[in-house]
Amino acid sequence: MKVKGVTYDVGMPVIKGELTRESLPLDIVKREMLIIANELHCTAVRITGQDLGRLKMAANVAAEQGLDVWFSPLLYDANEKETFDQIIKSAMICEEIRKQDNKVVLVIGCEFSIFMTGLIPGDNPLKRLEFLTDPSQWTEEFFTHPSPIERLNKFLTSTVREVRKQFSGPLTYAAGLWEEIDWNIFDFVGIDAYRDASNANNFRELIRGYKVYGKPIFITEFGCCTYKGASDQGSMGWLVIDRKSKPWQLNKPLIRDEEEQAKFIIEMLKLFTDEGVDGVFVFTFVTPSYPSNIVPLYDLDIASYSIVRTWNGNETSQAPLNWEPKESFQVISQYFGRLS
């Protein structure tokens, strides 16, 4: 495994909420990138977020720590034109960073069928996800030519053509398992590979299937939430928060289980290693918008995929950072360390 990484969020809009990271001080980013490099033993970091200024700042800090930068702009609920414009600006930033003798990969997007408007019906990513997973809503019109996946590949092809005029480094895309991408236009295959109860029996075969493209395969995302039973939920594990309540709370009783998260991540790391993938990015490092709480009903951290546990305030063992490592942090550190 050539690339050992973790995703690092610099801030995205939360559904029915504010930003996932309201503030992002430079000194905090420096501390966290140092930890990612030296304590997690990562060789790369996939930096995700909406604000290009934040992305650039975090990318430069990561590069200073010797980490390969996987620059991943995300823009929820934007149309094709808005998405294209952000990608082109990102390509220019990546070229600046690359010219400073840094290793940079541009991940031009993530699961556009859900996060970009116009491909699948729905006013927001959650509505589009509900549509995608509910065949009873599918109409004949949904499958007419050109289909959503055909339109997605057309957008990706035209976008990649223009991006290569601005950025000389490698390109990929973070695809959902349901997205049939034309990987011929990219340098790497990128997969958001979440195993859940529905695909557990054939998950290994799903990963093997991407070898047909003859290109390096990278797992751009994989992970598990932090409650008992979360390993069966995969990418849907976060849908256990009642966002209508003030403050937010869990929508049902759940049992915190850091061990399940840790065991799941290690099992996946071993599977990906066995299958010869070229690199992985654990999702995700920290999620400040889902803080923990001693009252179980308000322990939003268990609905997060983060490998550290965020608390409101700075009274933690990592002060001035407001988080503490979970069990998953420790096992990832040990696994990546052995691969060094």
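The values are calculated or read from the model by the stated rules, or taken from the named source; none is laboratory data. For clarity, every value in this text was computed on a predicted model and none was experimentally measured. Every residue, glycine as well, gets a Cβ built from its backbone with ideal geometry; the counts of neighbours run over all protein chains shown.
Structure notes:
- Some residue of the stretch 202-213 being free of Cβ contacts under 8 Å to residues at least 40 places away in the same chain and assigned to a loop (DSSP other than H, G, I, E, B): no
- The residues listed here are Phe203, Phe188; of these, the one that is touching a Lys or Arg at 6+ places or on another chain (Cβ under 7 Å) and over 28 Å from Ser168 (Cα atoms) is Phe203.
- Residues that are assigned to a loop (DSSP other than H, G, I, E, B), out of contact with any strand residue (DSSP E or B) (no Cβ under 7 Å at 6 or more places or on another chain), of a type outside the set (Gly, Ala, Ser) and under 21 Å from Asn322 (Cα atoms) within the stretch 1-55 comprise Val14, Glu18, Glu22, Leu24, Pro25, Glu39, listed in sequence order.
- Only one entry of Glu162, Glu180 meets the criterion of being over 24 Å from Ile93 (Cβ atoms) and not in a strand (DSSP E or B), and that entry is Glu180.
- Taking first residues from the stretch 310-339 that are farther than 18 Å from Arg256 by Cα and buried (at least 18 other Cβ atoms within 10 Å of the Cβ) and partners that are among the small types (Gly, Ala, Ser) and at pLDDT below 95, the Cβ contacts under 9 Å between residues at least 6 apart in sequence or on separate chains come to Asn322/Gly313.
- Residue match in the stretch 311-324 (condition: under 19 Å from the mean Cα position of the chain (by Cα) and either among the hydrophobic types (A, V, I, L, M, F, W, C) or not in a helix (DSSP H, G or I) (or both)): no
- Hey, Leu254 of a type in the set (A, V, I, L, M, F, W, C), assigned to a loop (DSSP other than H, G, I, E, B) and in contact with a Pro (Cβ under 8 Å, 6 or more places away or on another chain) or not: yes
- Residue match in the stretch 193-206 (condition: surrounded by 22 or more Cβ atoms within 10 Å (Cβ to Cβ), among the basic types (Lys, Arg) and under 20 Å from Thr284 (Cα atoms)): yes
To keep it simple, each residue is scored yes or no on (1) small (Gly, Ala, Ser); (2) within 17 Å of the chain's Cα centre (by Cα); (3) assigned to a loop (DSSP other than H, G, I, E, B).
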{"residue": "Ile266", "(1), (2), (3)": "no, no, no"}
{"residue": "Gly276", "(1), (2), (3)": "yes, no, yes"}
{"residue": "Phe281", "(1), (2), (3)": "no, yes, no"}
{"residue": "Leu297", "(1), (2), (3)": "no, no, no"}
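- Search result, residues across the stretch 56-114 that are under 22 Å from Val6 (Cα atoms), part of a loop (DSSP other than H, G, I, E, B) and either within 20 Å of the chain's Cα centre (by Cα) or modelled with pLDDT of 95 or more (or both): Gln65, Gly66, Leu67, Leu74, Leu75, Tyr76, Lys103, Glu111
- Of the residues Ala174, Ala193, the single one that is in contact with a Gly (Cβ under 6 Å, 6 or more places away or on another chain), under 26 Å from Gly234 (Cα atoms) and aliphatic (A, V, I, L, M) is Ala174.
- Some residue of the stretch 94-114 being at positive phi and free of Cβ contacts under 8 Å to residues at least 40 places away in the same chain: yes
- Meets criteria (surrounded by fewer than 23 Cβ atoms within 10 Å (Cβ to Cβ) and among the acidic types (Asp, Glu)) for Asp101: yes
- Extreme residue, farthest from Tyr173 (Cα to Cα), among residues of the stretch 119-153 that are over 22 Å from the mean Cα position of the chain (by Cα) and small (Gly, Ala, Ser): Ser136
- First in the stretch 185-200 and in a helix (DSSP H, G or I), second anywhere and modelled with pLDDT of 95 or more, Cβ under 7 Å, 6 or more apart: Ile185/Leu156; Ile185/Thr157; Ile185/Val160
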